[in-house]
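The values are calculated or read from the model by the stated rules, or taken from the named source; none is laboratory data. It should be emphasised that the depicted structure is a prediction, and the values quoted were computed from it without experimental measurement. When we count neighbours, we look across all protein chains shown, and the Cβ atoms used for this are built from the backbone with ideal geometry, even at glycine.
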Amino acid sequence: MKKGLTTALFVILFIILVSQILIMPGDLGINSPSYNEVTYYYIQRAIQDTGANNIIAAILADYRGFDTLGETIVLFISTVAVASILKPVAKYEDEKKVNKHE
Amino acid sequence: MNDVIVKSITRIIVPFAEIYGIFIILHGHVSPGGGFSGGALIGTSLILYTLVFGIKKGEEKFSHRASEFAESGGIFLYVVIGLVGMIFAGTFLSNLSAGFPAGTPGKLLSAGMIPLLMIGIGIKVASTIITLFHILVEEEEEVHE
């Protein structure tokens with residue numbers, strides 16, 4: 001019963017998501033919304049604004065520097081999460097070993 | 001791993017891989033690359049060292065203390081540079097308007113604070129990769145004991 005309900009919910013969610021994908025604008029080519037004036041701004045002004053030859057580095061570290069800070073924090077959180085999940089288990093096992101030896 | 005060929009080849013390759021990683025980090029604003037790819041190179045070279053010479057020698061090269069320092073140091077460097085921009089220009093992470101020297105585009109010393117940010121990102125990525133690997137491998141060994 002519960003399993004059937006979960007499956008039905010997943011099927012409904014799948015249908016909704018696929019229908020949304022079909023609504024998305026597809027064959028717009030050069031008229032698609034991602035080709036706007038921001039691209040031209042970066043290409044024309046990156047060297048003046050930042051002094052960096054590599055426009056990707058200019059966007060990554062200067063125009064979108066705050067976003068990159070978030071990315072590094074995500075890396076930090078990943079290390080903290082893995083360490084917090086795995087380290088206490090090792091300590092617990094060590095304590096059990098010590099108790100057995102006693 | 002007790003293979004003479006693998007050990008000697010690793011001894012030769014690891015320094016070159018690390019120097020190449022440092023090169024990519026420092027030239028992030030001039031040529032393709034940057035903090036993420038250079039840091040990944042350094043991290044994977046240390047993973048290769050740990051795989052070949054064992055977890056004990058690998059931990060000697062990059063101890064928990066060093067990983068703690070590098071983990072927080074990378075973000076700390078990034079945030080400090082951002083705050084310097086905030087003090088001198090009013091907005092977080094502002095570059096040339098905060099008085100960082102622009103230099104000539106194409107030279108190593110140019111682009112204001114971007115090389116410093118790349119160094120911070122590189123330290124962070126390298127230490128994250130190697131720390132995750134060390135944590136996972138350690139647990140694996142302790143379970144098998």
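When each of B:Phe36, B:Phe16 is tested for being aromatic (Phe, Trp, Tyr) and away from chain A (no Cβ under 14 Å), the lone residue that passes is B:Phe16.
A count restricted to region B:21-61 and to residues that are hydroxyl-bearing (Ser, Thr, Tyr), part of a helix (DSSP H, G or I), more than 13 Å from B:Ala126 (Cα to Cα) and without any contact (Cβ under 8 Å) to a residue 40 or more places away in the chain stands at 1. Summed over region B:62-115, residues that are among the hydrophobic types (A, V, I, L, M, F, W, C), without any contact (Cβ under 8 Å) to a residue 40 or more places away in the chain and closer than 14 Å to A:Ala58 by Cβ total 5. Of the residues B:Ala102, B:Ala126, B:Ala98, which single one is more than 10 Å from every other protein chain (Cβ to nearest Cβ) and modelled with pLDDT under 80? The unique qualifying residue is B:Ala98. Does region A:33-50 include one or more residues that are within 22 Å of the chain's Cα centre (by Cα), of a type outside the set (D, E, K, R) and modelled with pLDDT of 85 or more? The answer is no, given that none of the residues of region A:33-50 is within 22 Å of the chain's Cα centre (by Cα), of a type outside the set (D, E, K, R) and modelled with pLDDT of 85 or more. It is to be established whether one or more residues within region B:98-106 are in a loop (DSSP other than H, G, I, E, B) and among the β-branched types (Val, Ile, Thr). Yes; the residues of region B:98-106 include at least one that is in a loop (DSSP other than H, G, I, E, B) and among the β-branched types (Val, Ile, Thr). The residues of region B:62-80 that are of a type in the set (A, V, I, L, M) and either more than 14 Å from B:Lys124 (Cα to Cα) or exposed (fewer than 14 other Cβ atoms within 10 Å of the Cβ) (or both) amount to a single one, B:Val80. Looking only at region B:62-72, filter to residues that are assigned to a helix (DSSP H, G or I) and away from chain A (no Cβ under 11 Å); which one of those is farthest from B:Ile119 (Cα to Cα)? That would be B:Arg65. Of all residues in region B:81-97, those satisfying the criterion of being part of a helix (DSSP H, G or I) and crowded, with 17+ Cβ neighbours inside 10 Å are B:Ile81, B:Gly82, B:Val84, B:Gly85, B:Leu96. For region B:4-20, the tally of residues that are touching a residue at least 12 places away in the same chain (Cβ under 8 Å) and closer than 18 Å to B:Gly58 by Cα stands at 7.
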